[in-house]
Every structure is written in C-alpha cells, then in structure tokens.
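Engineer: I am attaching a structure below and will ask some questions about it afterwards.
The values are calculated or read from the model by the stated rules, or taken from the named source; none is laboratory data. Just so you know, these numbers come straight off a predicted model, no measurement behind them. Quick reminder, even Gly has a Cβ in these numbers, built from the backbone with ideal geometry, and neighbours come from all protein chains shown. When the accessible area is computed, the model is the full protein with side chains, heavy atoms only, and any ligands, DNA or RNA have been set aside. Shrake-Rupley method; radii C 1.70, N 1.55, O 1.52, S 1.80 Å.
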Amino acid sequence: MPPRRPPTARAPRKPEGPPPVPNRVSLLGARTVGPGGFAAGFSLGFPLLSARAAVGVLPRVDALVGVDSLYGMMTELRVGGRWMVLDGGPRWSLGLVVEGGHAFFLRPASVEDKGARYLSGRRNWNVQPGIVGNLQLRGPRAARLFFDARYHLSFDTEPIQRTPLGGLPPSVVTGSAFPLRVGAEMPLSEKTSYSLTLGGDVRTRPEDADFMPVFSVGIVTGL
C-alpha cells in the first residue's frame with residue numbers, strides 16, 4: 001500500500017467582522033430622522049436642482065427647509081414638515097408632507113414666454129401638500145424605494161392678460177398641478193446614499209405644458 005500523506009494543515013479562518021449597520025437615513029421617503037437627527041441632500045437634474053434638509057423635532061415629525069432653482073432663472077425658498085403616519089418598522093413607512101415657498105424669478109412674467117414659469121411650474125407663492133412612502137428592500141445596504149405624490153397650489157401675483165381686450169387681470173391668480181415622483185435611495189454607507197428620482201408634473205394651467213417630465217440624481221447624508 002502506498003504511504004499515507006500527512007494531513008495538510010488548514011489555514012486559520014479570519015475572524016468575521018461585525019455585520020454592516022443598516023442605512024436608515026431617508027430624506028425623500030416617509031421615514032423621519034428622529035428627535036435631534038439631521039439629514040441633508042442635494043440633487044441635480046431637469047428641470048431643477050435642489051437642496052433639502054430635515055431636522056427631527058419629534059419621533060415621527062421632521063421640520064424641512066430647502067431651496068429649488070431653475071439654474072438661476074428661478075429660485076424658490078421652501079419650508080415645511082413631514083409626519084410619518086404609519087411606521088412599518090425597518091421595512092416600510094407612510095406619511096404626510098407639506099411644503100410652502102416663495103419663488104423669485106430672474107425675468108418678469110410680462111417678457112417671459114415658455115421660460116422659468118413654464119419649465120418649473122412655480123409661481124410667486126406655492127404650497128405642496130402630499131403623501132410620501134418608502135419600502136426598504138432586504139439587506140443592510142439594499143436600496144430604499146420611495147414615492148411622492150402631491151397637489152401643487154400656486155398663487156401668481158403678477159398675472160398677464162393674454163386675451164386681447166380682456167381688461168385688467170385680477171391681482172392674484174391660482175393654479176393647480178400634480179407632481180408625481182418615484183425613485184430610490186441607494187446606500188453607500190451607514191449614513192450616506194445616492195438617489196435617483198423619476199416622475200413628472202401634471203399641470204392644469206393653460207399657459208403651462210400639460211405634462212413636464214422630471215428626473216434627477218443626488219446624494220443624501222445624515223448626522
């Protein structure tokens with residue numbers, strides 16, 4: 001019989017590190033940051049670039065501040081709040097959000113034709129209440145899907161009479177639109193994610209496009 005080979009020594013296994021900490025920092029869905037928490041984000045796309053911040057004031061309530069800009073042609077300062085109405089644990093949540101803001105335009109409405117107002121859908125004052133939600137896929141670094149559906153009520157304080165012999169326009173004209181967004185926050189670390197947003201605005205004002213597509217990419221981080 002051939003001689004038996006001595007058993008080969010097995011290399012010692014490397015100790016496994018701790019599992020990665022799940023990323024729970026959300027700025028685009030319904031999950032709030034918690035009392036004293038803070039999240040901030042920046043996105044770049046069409047038609048707007050945006051910056052947002054959320055500060056936790058209650059376990060299920062965040063205060064929101066932000067700015068939207070049509071690359072300088074329109075800039076809107078915004079404030080609002082987010083309330084997580086239903087908390088499905090780490091997997092899902094559903095909430096209400098409202099934001100209001102004042103927009104500043106580079107050009108007056110009287111000389112604008114399919115410019116900042118047409119592209120952004122914003123007017124001098126804007127209020128956007130809506131419903132937001134998110135679904136966390138399985139895994140500590142899995143993507144977090146979100147949706148955002150709102151009603152946009154605008155107040156135009158410099159309306160233009162576009163009908164000949166129509167007389168003077170009223171001092172304030174209101175308008176309606178329906179912004180719809182879906183997307184994902186994809187974690188890079190425990191506190192930071194990059195985001196992808198797709199959607200569009202369904203508009204009812206006759207001087208606006210019936211539908212304006214929207215897309216953006218960005219980053220979200222928390223402290």
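Engineer: Taking the Cα of Val182, stepping 7 Å toward and past its beta carbon, and measuring to each backbone N in the stretch 104-131: which are under 12 Å?
Structural biologist: none
Engineer: If you take every residue apart from Val98 with its C-beta less than 10 Å away from the C-beta of Val98, what net charge results, scoring Lys and Arg +1 and Asp and Glu -1?
Structural biologist: Charge balance near Val98 sits at +1.
Engineer: Working with all protein chains in place, sort Thr197, Thr157 by solvent-accessible area computed with a 1.4 Å probe, largest first.
Structural biologist: Thr157, Thr197
Engineer: Charges on Cβ only, +1 for Lys and Arg, -1 for Asp and Glu, centred on the Cα centroid of the chain; of Val111, Phe215, Pro47, which one is farthest towards the dipole's positive end?
Structural biologist: Of the candidates, Phe215 comes out farthest on the positive side.
Engineer: Where nothing but the Cβ of Lys and Arg (+1) and of Asp and Glu (-1) is charged, how large is the charge dipole of the stretch 84-145 around its Cα centre, in debye to the nearest 20?
Structural biologist: 240 debye
Engineer: Oh, and also: Let me know the charge dipole size of the chain about its Cα centre in debye, to the nearest 20, where only the beta-carbon of Lys, Arg (+1) and Asp, Glu (-1) is charged.
Structural biologist: On the way: 26 positive and 17 negative charges, 315 e Å.
For this selection, approximately 1520 debye.
Engineer: Okay, next question. Mind putting a number on the dipole of the stretch 134-222 about its Cα centre? Charges go on the C-beta only, +1 for Lys and Arg and -1 for Asp and Glu, and I need it in Debye to the nearest 20.
Structural biologist: Values: 9 positive and 9 negative charges, 87 e Å.
Charge dipole, the stretch 134-222, about its Cα centre: 420 debye, nearest 20.
Engineer: How much mean residue ellipticity at 222 nm does the chain get from its helices, if each DSSP H run of length 4 or more adds -39500 (n - 2.57) and you divide by all residues, to the nearest 500 deg cm²/dmol?
Structural biologist: -500 deg cm²/dmol
Engineer: While we're on this one: Which of Ser171, Trp83, Gly100 sits farthest toward the positive end of the charge dipole of the chain, with +1 on the Cβ of Lys and Arg and -1 on the Cβ of Asp and Glu?
Structural biologist: Trp83
Engineer: Mind checking the stretch 114-197 for trypsin sites (Lys or Arg not before Pro) that DSSP puts in a loop (not H, G, I, E or B) and that have at most 15 other Cβ atoms within 10 Å? It would help to have the intermediate numbers written out before the result.
Structural biologist: On the way: sites: Lys114, Arg117, Arg122, Arg123, Arg138, Arg141, Arg144, Arg150, Arg162, Arg181, Lys191; in loops: Lys114, Arg122, Arg123, Arg138, Arg141, Arg162, Lys191.
Passing sites in the stretch 114-197 are Lys114, Arg138, Arg141, Arg162, Lys191.
Engineer: Report the rotationally averaged projected area of the stretch 37-222 based on its alpha-carbon convex hull, in square nanometres. Show your work: numbers first, answer last.
Structural biologist: Values: hull surface 42.3 nm².
Mean projected area for the stretch 37-222: 10.6 nm², to one decimal.
Engineer: Here's another thing I want to ask about it. Where the centre of each part is set by its Cα atoms, how far does the stretch 72-112 sit from the stretch 179-211, in angstrom?
Structural biologist: Cα centroid of the stretch 72-112 versus Cα centroid of the stretch 179-211: 12 Å apart.
Engineer: Further, regarding this structure: Which order do you get for Thr75, Thr204 if you rank them by accessible area with a 1.4 Å probe, largest at the top?
Structural biologist: Thr204, Thr75
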